[in-house]
Amino acid sequence: MMGGCTGNMQALQQIDLYNVQSDSWESFPAHIMRGVPASVIMPDGRVLILSGEDKTIDQNIYRNKDAKGDTRHPQIFDPYTKQLVTVEAAESEFRGYHNMAALLRDGSIVVGGGFNQYGDVGCENPNIRRFYPSYMGVATKPSFASNSKLTLFPGNTSIEIDFNGPELDSDRGAALLAVQAFTHSYGQNQRYVRLTIISQTTRNGSGRTVAVDVPGIPEVLPGHYPLFLLSKD
């Protein structure tokens, strides 16, 4: 959890992680105040946090230069390692209330909307941008051997997927990401389902086959999921 509509300046720059199994909370300082930010689960299980507003920043003064705690710098939080990274490259636009973001099928993120200076409705940015996470810069990526759709039945023992390229990461190498519907700081349908890898075998040349467990309900709910394969890089 992060951001929201609050005047609490500490809460606006704090990530709160809830552990469902232990019914406990952990807090992590982000050092960037973000009211109503966007958060997007990425294919490797990390969470991209971006946009949002800090009303102490005069956006007219800092339009062409960085402000302290500039909300145009995305941040990436890993809930498994508890590490937070601030992206050096900043977006060109301030995006406050009404901003949106969503994961695309190639792993990039589309970003748009958002008030650019504490305005009322009608003052939103009439443009969109695409954010390319660092994993998109890897030279050699896994690629599916077939473009045909897969139909998964929750609770199946396993399913095999043919792909080309480097070996998959043994921990986060295969994942399902539910299709998003993002509005007002909530991706109501965001869902990251990490698939357990049973085995990886080499077919021929760069061809490989991975066998993964198919989770049951409620880990997987009916619907469409983009499937992502990730290498160790």
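The values are calculated or read from the model by the stated rules, or taken from the named source; none is laboratory data. Quick caveat, the model's predicted, so the values are computed rather than measured. A quick note on method: Cβ atoms are made from the backbone with ideal geometry, for glycine too, and the neighbour counts reach across all protein chains shown. Accessible surface areas use protein heavy atoms only, side chains included; no ligands, DNA or RNA. Shrake-Rupley method; radii C 1.70, N 1.55, O 1.52, S 1.80 Å.
Numbers at a glance
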item: Charge dipole (the stretch 54-168, unit charges on Cβ, about Cα centre) - positive-most of I159, F131, N147; result: F131
item: Under-5 Å amide H pairs with S231, H placed in peptide plane, nonlocal only; result: D169
item: Cα-based Rg / Dmax (Å) for the stretch 77-164; result: 18.6, 53
item: Relative contact order for the stretch 190-233, counting Cα pairs under 8 Å that sit 6 or more residues apart, in percent; result: 31 percent
item: Solvent-accessible area per residue, Å², over the chain with all protein chains present [probe radius 1.4 Å]; result: 56 Å²
item: Cα-centre dipole for the stretch 82-154 with unit charges at Cβ (Lys and Arg positive, Asp and Glu negative), debye to 20; result: 420 debye
item: Unit charges on C-beta of K, R, D, E only; dipole of the stretch 82-233, Debye; result: 200 debye
item: Rounded FRET efficiency, nearest 0.05, which uses the C-beta distance separating Q200 from S134 and R0 of 22 Å; result: 0.40
item: Under the Karplus curve 6.51 cos²θ - 1.76 cosθ + 1.60, θ = phi - 60°, whole-Hz ³J(HN,Hα) for the stretch 125-133, x wherever Gly or Pro sits; result: 5, x, 8, 10, 10, 10, 9, 10, x
item: Inter-centroid distance (Cα atoms) of the stretch 84-113 relative to the stretch 6-64, Å; result: 13 Å
item: Label zone at Y18, where the point sits 7 Å out along the Cα-to-Cβ direction: the stretch 67-92 residues whose backbone N lies under 17 Å; result: 79
item: Net length gained if the chain between W25 and N164 were fully extended (0.36 nm per residue, minus Cα distance); result: 46.0 nm
item: T56/L104 FRET efficiency (R0 41 Å; Cβ-Cβ; nearest 0.05); result: 0.80
item: Total formal charge among the other residues, if their Cβ is under 11 angstrom from that of Y192, Lys/Arg +1 and Asp/Glu -1; result: +2
item: Residue of R63, R46, R72 that the Gaussian network model of the chain assigns the largest fluctuation, springs spanning Cα pairs under 10 Å; result: R63
item: Sequence of K55, K141 when ordered by accessible area, the most exposed leading, probe 1.4 angstrom; result: K55, K141
item: Cα→Cβ-extended label distance, 7 Å offset, between R63 and F153, nm; result: 6.0 nm
item: Cα-based convex hull, the chain, per residue volume (Å³, whole number); result: 139 Å³
item: Gained length - S143 relative to M1, 0.36 nm times residue gap less alpha-carbon distance; result: 47.8 nm
item: Residue-by-residue Karplus 3J(HN,Hα) for the stretch 212-218, coefficients 6.51, -1.76, 1.60, Hz, glycine and proline x; result: 10, 6, 9, x, x, 6, x
item: Efficiency of FRET from Cβ geometry, Q83 and A11, R₀ 25 Å, rounded to 0.05; result: 0.75
